[in-house]
Amino acid sequence: MTARKKGKRLNGYRQDYVVFDLETTGINQNYDEIIEISAVKVCGGEVAGEYSTLVNPGRHIPAGATAVNGITDEMVKDAPDIKEAMAGFLEFIGDSVLVGHNIHTFDMNFAYDAVWLAWGKELDNDYIDTLYMARRCLPQLAHHRLTDVSEYFHINTDGAHRALNDCLMNQKCYEELGIIWKEKEKMAASARKGGGKANDAVKGKADEGEDLECPRCGGILCLRKGKFGAFYGCVNFPACRYTRNT
């Protein structure tokens with residue numbers, strides 16, 4: 001397939017965004033098809049609209065997929081095809097920043113391919129993956145599935161693995177993660193203060209767009225001073241003891 005322009009994965013919290021989720025016939029992006037698309041528009045941190053539709057994939061839905069999401073052939077027999085469903089999705093999202101859980105390696109790729117194949121268009125919206133945010137903000141969790149994060153924040157997980165339910169669940173998680181994220185950003189900004197060449201080097205890397213992300217837990221790497229000079233350390237210390245040289 002021709003190389004396409006894709007949006008950038010962003011970090012952080014936005015007040016205006018569209019959280020979306022897909023259900024599919026499986027996990028193989030070269031073979032499987034979308035069978036449900038849902039999206040929730042958020043303005044100023046508040047839900048402002050919803051878009052949701054089943055999608056007729058034009059073939060049998062495997063039993064394994066039905067076991068996960070409960071969607072059957074009978075349910076999608078009168079549903080729109082992917083071209084019509086994606087047209088509604090594109091109109092709904094506009095140029096909004098997209099938010100979703102594990103979308104960097106899954107949902108975004110399915111959506112890109114569907115838009116490209118159906119319309120010959122590039123889906124180039126920037127996006128935020130809450131899986132990465134959860135790993136950074138909640139390093140104490142053993143797993144960071146959407147249900148794990150929801151349960152941590154005491155968010156109801158009933159109806160998980162249906163697209164609209166997952167969108168509404170993830171919207172609440174994103175707002176909670178945003179609170180933690182902003183606190184960690186304050187910690188990182190404070191750690192960068194103090195002047196000196198080493199701190200100037202960190203600022204330079206940030207200006208160049210380098211993602212100062214801990215590869216072990218997803219936390220923020222901040223400049224610290226040690227016995228042998230400056231180094232990067234994870235803000236999740238002591239839970240995470242990752243360091244790297246400046």
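The values are calculated or read from the model by the stated rules, or taken from the named source; none is laboratory data. Just so it is clear, the structure is predicted and the values come from calculations on it, not from any experiment. Neighbour counts run over all protein chains shown; Cβ positions are idealised from the backbone, glycine included. Side chains are part of the model used for accessible areas, which takes the heavy atoms of the whole protein and leaves out ligands, DNA and RNA. Shrake-Rupley method; radii C 1.70, N 1.55, O 1.52, S 1.80 Å.
Per-structure values
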read-out	value
Solvent-accessible surface (1.4 angstrom probe) belonging to TYR17, in square angstrom, nearest 10	0
FRET E, pair ASP78, LEU141, Förster distance 35 Å, beta-carbon r, rounded to 0.05	0.30
Rounded to the nearest 10 Å², the accessible area of ARG162 at probe 1.4 Å	70
Listed pairs LYS77/LYS172; LYS5/LYS186; LYS41/LYS184 exceeding 30 Å between Cα atoms	LYS77/LYS172; LYS5/LYS186
Charge dipole (debye, nearest 20) of the chain; +1 at Cβ of Lys and Arg, -1 at Cβ of Asp and Glu	1920
³J(HN,Hα) computed for each position of the stretch 26-35 - Karplus, 6.51 cos²θ - 1.76 cosθ + 1.60, integer Hz, glycine/proline x	x, 9, 7, 5, 8, 10, 7, 10, 6, 10
Label-to-label distance, nm, for residues given as HIS154 and LYS8 (7 Å Cα→Cβ offset)	3.8
With all protein chains modelled, accessible area of VAL18 [1.4 Å, Å²]	0
Under DSSP loop assignment and at most 12 Cβ neighbours within 10 Å, longest GluC sites (Glu not before Pro)-free interval of the chain	1-207
Relative compactness, the chain, computed as alpha-carbon Rg over 2.2 N^0.38 Å	1.13
Within the chain, helix-based [θ] at 222 nm, where runs of 4 or more DSSP H residues each add -39,500 (n - 2.57), nearest 500	-11500 deg cm²/dmol
Karplus 3J(HN,Hα) series, Hz, for the stretch 97-102 with 6.51 cos²θ - 1.76 cosθ + 1.60 (x for Gly, Pro)	5, 9, 10, x, 9, 6
Coordinate range along principal axes, alpha carbons of the stretch 20-101, Å, largest first	40, 24, 23
